Amino acid sequence: MLRKHIYFVGIGGIGMSALARYFKAKGFCVAGYDRVSSVLTRELEQEGISIHYVDEVAMIPEAYRKPDDTVVVYTPAVPSDMSEMTWFREHNFVIQKRSQILGEITRMQKGLCVSGTHGKTTTSTMLSHLLHNSSIQCNAFLGGISKNFSKNLLLSDESDLVVIEADEYDHSFLTLSPYMAVVTAVDADHLDIYGTVEAYRAGFEEFTSLIRPDGVLLMKEGLPIHPRLQKGVTCYTYSVDKGDFHADNIRIGNGDILFDFVTPKEVIKDIQLGVPVYVNIENGVAAMSIAWLNGVRPDELREGMKSFRGVKRRFDFHIKSDKIVFLDDYAHHPNELKSSIESIRRLYADRQLTVVFQPHLYTRTRDLADDFAKVLSTADELMLLDIYPAREQPIPGVDSQMLLDKVELKNKRLISKQDLVKSVDERAYDVLLMVGAGDLDLLIPEMEQKFRKKYNI
């Protein structure tokens, strides 16, 4: 139920900002609130979107105070008791989650919805890049900032395809009506919402039931779920080395990764990864599969994969030299951390790996502490920051020290953000990988500057 005015509560998030930009481009009046000013919110303001940063009803622009002319869109990360949300509810505004709005869009266009515990941001961005750089074109709502586009939204007047990152948090993806859907992984996460691993996996099974009868499910080979497909839906599998779609003849060397892409009907040879990390083989197979099913040609797939530059904070290399390798990654789940560390190990097998990790959420740290500890123990050195709370309140007994105690590693320590930045001047690093979904990325510009000055890069 859309209205002329759309007000976003939590407008500075990646997903919310893309929606704001979409509706601004479509001629709607857009404004919003966010807790902090950021590069992204300042960009939105420059694009003509009014934003304020204080939770006060008086700050809501006058034009957005009419219930019959305004829709309020919010993200689940916003506390339900904040003043503005309370006021909107008391005055009977139409209030919808971001996912509900995306659901409306998937019913108007052909939604290509990428879901999964991990891999969905890179895969959906890669898919968007392949379609955008082909004769097919697409619209896209991305869960990260594409380094090719420098934004998280693509618009096309020529295509009815829309790529959407389908977020399972708070059951959000169950509002969608996919034309084609991808399930990359169903490793336990968000147990504060779902309660049990079984309930979490059942959420993905329900998601598959929403695919349109003329649609497609692409599922990673071997996932422990049982799809509930409507009659007429075609199901394909994929992985690195098996399934209906997979890679063959994988070649790794000289900083490059090449492979042949196997489809049910043809083999497309010599695919080169623009971001040569091993995990992107699997992400690439998934993205190319959906692109291929929508008519992207082999030559377009080759060129698109080679020119893909990645997503900010997803294996984001800031410095690559023989003196120092400095990169960050959004990984915040044990299996994501495992993929990150293993991929870096493959690229730099003979170099010393220091991991800086910022845990995300008290509940996730509590529920998956043993798994986190196991994978963090595979680094050469661990530097652990305080838990980033996001939407949560502290839980007694759950802190970074608890996690550090479980890590079986000689070179490990807790560190503050301030001391981490100072350490650049005080010691030498070989390969420094910073991982986490909090605010760790805010330290990167200063640290990169220090590294470049220190090593004359």
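The values are calculated or read from the model by the stated rules, or taken from the named source; none is laboratory data. Predicted model, so just to flag it, every value in this text is computed and none were measured. In this analysis, Cβ positions are derived from the backbone assuming ideal geometry, glycine residues included, and neighbour counts consider all displayed protein chains.
Data overview
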{"quantity": "Single residue of 186, 163, 182 found to be part of a loop (DSSP other than H, G, I, E, B) and within 26 Å of residue 331 (Cα to Cα)", "calculated": "186"}
{"quantity": "Single residue of region 427-441 satisfying the filter (charged (D, E, K, R) and farther than 30 Å from residue 36 by Cα) that is nearest to the chain's Cα centre (by Cα)", "calculated": "430"}
{"quantity": "Residues satisfying the stated conditions in region 261-283, i.e. farther than 21 Å from residue 340 by Cβ and surrounded by 18 or more Cβ atoms within 10 Å (Cβ to Cβ)", "calculated": "261, 262, 263, 268, 271"}
{"quantity": "Sole residue being exposed (fewer than 15 other Cβ atoms within 10 Å of the Cβ), within 23 Å of residue 83 (Cα to Cα) and out of contact with any His (no Cβ under 8 Å at 6 or more places or on another chain), chosen from 37, 17, 50", "calculated": "37"}
{"quantity": "Scan of region 1-51 for residues that are part of a helix (DSSP H, G or I), hydroxyl-bearing (Ser, Thr, Tyr) and over 21 Å from residue 172 (Cβ atoms), ordered by number", "calculated": "41"}
{"quantity": "Qualifying residue in region 318-325 (condition: under 19 Å from residue 112 (Cα atoms), of a type outside the set (Val, Ile, Thr), touching a residue at least 40 places away in the same chain (Cβ under 8 Å) and surrounded by fewer than 20 Cβ atoms within 10 Å (Cβ to Cβ))", "calculated": "no"}
{"quantity": "Criterion violated by residue 71 - all others in (1) surrounded by 13 or more Cβ atoms within 10 Å (Cβ to Cβ); (2) in a helix (DSSP H, G or I); (3) not small (Gly, Ala, Ser) satisfied", "calculated": "(2)"}
{"quantity": "Breaking point among (1) part of a strand (DSSP E or B); (2) surrounded by 17 or more Cβ atoms within 10 Å (Cβ to Cβ); (3) in the same structural domain as residue 142 (by TED's automatic domain parsing); (4) in contact with a strand residue (DSSP E or B) (Cβ under 6 Å, 6 or more places away or on another chain), for residue 286", "calculated": "(1)"}
{"quantity": "Selection from region 382-401 of residues that are exposed (fewer than 12 other Cβ atoms within 10 Å of the Cβ) and in contact with a helix residue (DSSP H, G or I) (Cβ under 9 Å, 6 or more places away or on another chain)", "calculated": "393, 394, 397"}
